[in-house]
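Colleague: Below: one structure in structure tokens.
What follows draws every value from the coordinates through simple rules; no lab data is involved. Note that the structure is predicted; figures quoted are calculated from it, not measured. Glycine gets a Cβ as well: all are built from the backbone with ideal geometry, and neighbour counts include every protein chain shown.
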Ligand SMILES: Cc1cc2nc3c(=O)[nH]c(=O)nc-3n(C[C@H](O)[C@H](O)[C@H](O)COP(=O)(O)OP(=O)(O)OC[C@H]3O[C@@H](n4cnc5c(N)ncnc54)[C@H](O)[C@@H]3O)c2cc1C
């Protein structure tokens, strides 16, 4: 489709692969017609034309799985709207496990699928052999079947999106490479192409294999990396020629293979153990409908396993080998959304499974652009989950790691090794010397727990209780009975100053702002009344406020604040890298603090939620009386260069008070027995504050704040689900997230977080269930690895329900 380029459009999308075309379609479907897609060559000219076309729903994130289900279910509709065949073969597919861990993994997936409305079910190995006679079932322990799985024609799908968009008024232009993108003073973009310049209010980079190059046209370095990938197609196989129906497709995790029928042969793909990044320095501008030189030696060990498990393969000749590049983000999930610090610039890049994901990506991006927020929590895909730490080199290392691990289990307690120590704090070496097992969040290393020695500082990846269990119990006991110290460098700090700061924050936060020297909890909502943050706000002066929140979400919140910031009166900065610090918690915390600060820390003088600037351990600090442990506690923030000195002062002062360092695992256990939710888990944009039980942090009388009207409506109409705490009756296993919750044998909800509350010696799950069941003592069952465990709802925290210790 080529017409003369318009001078001005509302949206210009760069890239006519499956992702760009899906965005075009979804924007048009939502009523935005003034949208053009600009394609360098012909549609599908990047990765899209040579994909294997296999489609499935399983993904690392439940919302992504749900969106993959949406993508697959969209295909018949797309065909109808466009008149273009998408070549949809709805064969169904199975996921094969040949190790007990993988079987556990599939059982978790089955549980997840229940509440996502996906229809996965375990089938027997006899059924596998009957449905797919070429597979030798003796290698497997179990199989999960999904009727949605199958395959499509990649080119057909891409054109179907574009043609359907055209029927609704959107347009695309081929042979129109974008050469320059330049922002105008009014925030719009001048997009210079080989055939003219368009001014676009909003720009979308969906340039797939060239995402990096197109990003650089706007001064943006995206941490994505194309990777080489092989699949091969066999000659006809007699058994397939004679079969009455098409074979289902499948994934065999342990042999790292995906396979499906292709005509009368098989298509077989694998993610080789040693990933091969392609064109690290940049994708050539003239790379077109080309394939790369096959390197079968790289995949031969995987093929040997395939030949054993699907013996007919060994007899079949290879008809075709495809080695093509496609782009990965550092964690393998798409990167979508408005880019932080770059007005009116959106991305939809790093989509490595475009034919499973592009529908969901297009839907979310379009709704985000048109309505101001996506339909579901898209954190797993949000471009803001990476910050400045995610450099080009970081992107290449992590993308390669993710590629190689594509079919490996990443355990909930596992921390991946590539690109570690990207960001460290001043006490990193001290923590490691003390036996810290380190994790990473937003690029920054932090202690998860402390082993009894540096030599034993290793956590075995597992879906069940890990070797950290006993040590974490000790850390929890130290906090509850004596005093613990934890590093708090990985929280975010957002600094607001100026005469307009108060009025601005009043609009952004749901809580009444605290007076000078005090701190308050303050959720943030979207206009539709969804949770967008659970922050704390400290008033340092009438015109200076510091917000504390999730470290991982710091750029997401920065983007939010900058989007709403008035042109003058308020200065804002994401100051997270300026504030590192330590928190002390436990009955001896006050005594410890009194030894290292000059201010009076008596309970009636420095009260719960008080904040002051003082010196602690001889260094300048911001001191706050709060804790996430449910004990008397203090958070002490300082500039990073003072942190070592502060840590040493705390250690010296606490030596005779039973001071013990603790890590994130203990912190999560401590908060569980207080029934406190955590951001990205129990609190996230999938829920509103009434559902999450956060009404008490909202002040409807203070005047307008974002999300107020929507929340009032939610209050008036009532909500249909609630966040609850369950005590789960188990001996040796706990929930992690996403397990199904049953009531009277029906799946009615799901777990958002949980684990073992060590001090109360209880397995705990937090989750959402229908409001009518959210009653004290109500009985449920929680599904963990296909077993259903009895669970009882509690409405008071397990530990210190009155909060007397926190306020002591
Ligand atoms: C061997 C192989 C097998 C695969 N198998 C599967 C599978 O079975 N299932 C699955 O879901 N996915 C599979 N994929 C992945 C899938 O191909 C990608 O996820 C998908 O194609 C990405 O689409 P995209 O639109 O993001 O990028 P691309 O397809 O790369 O599209 C980007 C487009 O942008 C255009 N462009 C770039 N720069 C400019 C510019 N300056 N101006 C204008 N236009 C520009 C390009 O010409 C191109 O058409 C496979 C990939 C490979 C390589």
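Colleague: Taking 22 Å as R0, compute the FRET efficiency from the Cβ-Cβ separation of residue 497 and residue 598 and round it to 0.05.
Modeller: Approximately 0.25, to the nearest 0.05.
Colleague: Right, here's the next one. Would you give the gap between the C-alpha center of the stretch 69-120 and the C-alpha center of the stretch 190-265, rounded to a whole Å?
Modeller: Answer, in whole Å: 18.
Colleague: Ok, one more. What spacing in nm lies between the two simple spin-label points modelled at residue 712 and residue 432, each 7 Å away from Cα in the Cβ direction?
Modeller: Rounded to a tenth, the inter-label distance reads 5.5 nm.
Colleague: Summing -39500 (n - 2.57) over the DSSP H runs of n ≥ 4 in the chain and dividing by its residue number, what mean residue ellipticity at 222 nm do you reach, to the nearest 500 deg cm²/dmol?
Modeller: Result for the chain, helices only: -7500 deg cm²/dmol.
Colleague: Mind checking the full-extension length gain between residue 516 and residue 10? Use 0.36 nm per residue of separation minus the Cα-Cα distance, one decimal, nm. Intermediate results must be reported in sequence, preceding the final value.
Modeller: Numbers: separation 506, 0.36 × 506 = 182.16 nm, distance 4.47 nm.
Between residue 516 and residue 10, full extension yields 177.7 nm more.
Colleague: Ok, one more. Test of understanding: what is the full-extension gain from residue 129 to residue 804, defined as 0.36 nm times their sequence separation minus their Cα-Cα distance?
Modeller: Fully extending the segment from residue 129 to residue 804 adds 236.8 nm.
Colleague: Of all the Cα-Cα pairs you can form in the stretch 307-420, what percent are over 19 Å apart? Provide the component values of the computation, followed by the final result.
Modeller: Working: 3724 of 6441 pairs.
Distances greater than 19 Å cover 58 percent of the Cα pairs.
Colleague: Once both axes come from the Cα atoms, what is the angle between helix 708-717 and the longest principal axis of the chain, in degrees from 0 to 90, rounded to 10?
Modeller: 80 degrees
Colleague: Let me ask something else about it. On a 0 to 90° scale, report how tilted helix 154-167 is relative to the longest principal axis of the chain, with both axes built from alpha carbons and the result rounded to the nearest 10.
Modeller: It works out to around 80 degrees.
Colleague: Per residue, how much space in cubic angstrom lies within the convex hull of the C-alpha atoms of the stretch 575-681?
Modeller: Enclosed volume per residue, from the Cα hull, is 112 Å³.
Colleague: Looking at the calculated P(r) for the stretch 629-677, what percent of the C-alpha pair distances fall above 15 Å?
Modeller: Numbers: 704 of 1176 pairs.
For the stretch 629-677, the fraction of Cα-Cα distances above 15 Å is 60 percent.
Colleague: On a full-extension model of 0.36 nm per residue, what is the gain between residue 263 and residue 564, subtracting their alpha-carbon distance, rounded to one decimal in nm?
Modeller: Between residue 263 and residue 564, full extension yields an extra 102.9 nm.
Colleague: Let me ask something else about it. Once label points are set 7 Å from the Cα along Cα→Cβ at both residue 696 and residue 293, what is their separation, rounded to one decimal in nm?
Modeller: Calculated label separation equals 6.8 nm.
Colleague: If I fit a long axis through the Cα atoms of helix 554-564 and take the longest principal axis of the Cα atoms of the chain, what angle between them do I get, 0 to 90°, rounded to 10?
Modeller: Helix 554-564 and the main axis of the chain meet at about 90 degrees.
Colleague: Using a Förster radius of 30 Å, what is the FRET efficiency between residue 216 and residue 186 based on their Cβ-Cβ separation? Nearest 0.05, please.
Modeller: 0.85
Colleague: What share of Cα pairs, in percent, lie more than 54 angstrom apart in the chain?
Modeller: 12 percent
Colleague: Right, next: For the stretch 445-479 and the stretch 641-668, write down the distance between their C-alpha centroids in whole Å.
Modeller: After rounding, the separation between the Cα centres reads 17 Å.
Colleague: While we're looking at this one, here's another question. At q = 0.11, 0.18, 0.21, 0.22 Å⁻¹, work out log10 I(q)/I(0) for the stretch 1-70 with the Debye formula, treating every Cα as an identical point scatterer and leaving solvent out; two decimals please.
Modeller: Computed log10 I(q)/I(0) values: -0.37, -0.84, -1.00, -1.04.
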